[in-house]
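Have a look at the structure below before the remarks.
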Amino acid sequence: MSKNNVTGNNTSIDVKPVILAGGRSKRFRGDKLFYPVDGKPLIKYTIEAVEKTFNRKPVIIASPKNAEKIAMIDQGLEIHIDKQLGGPITGVLKALEIHDKVMVFGGDMPCIRSDLVREILSRALLGYSVIVPGWRNGFVEPLHAYYSRQAEPYLKRLYLQGIRSLSQAVRLIPGTLIVLIDDYPLYMKLSLYNINTLKDLECLKDGVAKQLRDPCLNCLAWIEKIYGL
């Protein structure tokens, strides 16, 4: 990917990479994003994976507390505070205030791969409001997805109506494309791996931290178990 844009169909489109770094994880029982793995906080792996994919630093949308911590990890980041702290929906809305086309990732996704990102963004020129990976069983992956400013008024309206699930919201937005990835290679699906528990960190320790060439078996077993592949 070039420095300032993503290219597809011989036409360039400027997409800003964004990482959401909101509140604490209940299942993790602590500050998940700042949990040290081989001496480096978890979110740093995600930042590095996104930077490698886009060849540019990501924008961070964070809570006030997390913003201060992230600024200490990497002083070169553009950080914006989500004052509403209404979950991923308000994080995406904040991102769309900054730029009209964004690719949003969760801060706990250290295994992001450029091949799946390119697959999603190859459709961004077709005018969709949201492009989100999904599965035949109905699951979608809204924190590994593309959002355009067309989605903004619908997200605001859905949030005011009491919807807090971003997965639910994207299905209700006109112009949403769900890209079914069930038949994609397992190594591409690894991009969706996120950390929810201490046990999930086995993937990071066995794979990313050691710079293994291929996805670790724990990651592939996780994908098969969760999605029934």
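The values are calculated or read from the model by the stated rules, or taken from the named source; none is laboratory data. No experiment lies behind these values; they were computed from the predicted model shown. Don't worry about glycine lacking a Cβ; one is built from the backbone with ideal geometry, like all the others, and counts go over all protein chains shown.
Data overview
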quantity: Among (1) among the aliphatic types (A, V, I, L, M); (2) in contact with a Ser or Thr (Cβ under 7 Å, 6 or more places away or on another chain); (3) in contact (Cβ under 8 Å) with a residue 60 or more places away in the chain - the single one Met103 does not satisfy; calculated: (2)
quantity: Residue tally, condition part of a helix (DSSP H, G or I) and charged (D, E, K, R), over the range 46-75; calculated: 6
quantity: Looking only at the range 135-163, and only at residues there that are of a type outside the set (A, V, I, L, M, F, W, C) and at pLDDT below 95, the one that is surrounded by the most Cβ atoms within 10 Å (Cβ to Cβ); calculated: Arg136
quantity: Any hit, the range 106-116, residues being buried (at least 20 other Cβ atoms within 10 Å of the Cβ), closer than 11 Å to Val18 by Cβ and not β-branched (Val, Ile, Thr); calculated: yes
quantity: Residue list for the range 86-95, filter: touching a residue at least 40 places away in the same chain (Cβ under 8 Å) and either out of contact with any helix residue (DSSP H, G or I) (no Cβ under 9 Å at 6 or more places or on another chain) or crowded, with 23+ Cβ neighbours inside 10 Å (or both); calculated: Gly91, Val92, Ala95
quantity: Number of the condition not met by Ile131 [criteria: (1) under 19 Å from Ile181 (Cα atoms); (2) touching a His at 6+ places or on another chain (Cβ under 9 Å)]; calculated: (2)
quantity: Any pair with Cβ under 7 angstrom, 6 or more apart, that starts in the range 14-41 at a residue that is surrounded by 16 or more Cβ atoms within 10 Å (Cβ to Cβ) and ends at one that is at pLDDT below 85 and not in a loop (DSSP other than H, G, I, E, B); calculated: Val15/Val6; Lys32/Ser25; Val37/Leu201; Val37/Leu204; Val37/Lys205
quantity: Qualifying residue in the range 176-193 (condition: modelled with pLDDT of 75 or more, more than 15 Å from Met109 (Cα to Cα) and charged (D, E, K, R)); calculated: yes
quantity: Residue within the range 97-107 that is under 28 Å from Ile163 (Cα atoms), at pLDDT below 90 and out of contact with any Phe, Trp or Tyr (no Cβ under 6 Å at 6 or more places or on another chain) present; calculated: no
quantity: Meets criteria (under 12 Å from Leu20 (Cβ atoms) and part of a loop (DSSP other than H, G, I, E, B)) for Leu85; calculated: yes
quantity: Unmet requirement for Ile70, which otherwise passes all of (1) more than 21 Å from Leu201 (Cβ to Cβ); (2) surrounded by 21 or more Cβ atoms within 10 Å (Cβ to Cβ); calculated: (1)
quantity: Residues satisfying the stated conditions in the range 49-77, i.e. among the charged types (D, E, K, R) and under 19 Å from Tyr147 (Cα atoms); calculated: Glu51, Arg56, Lys57
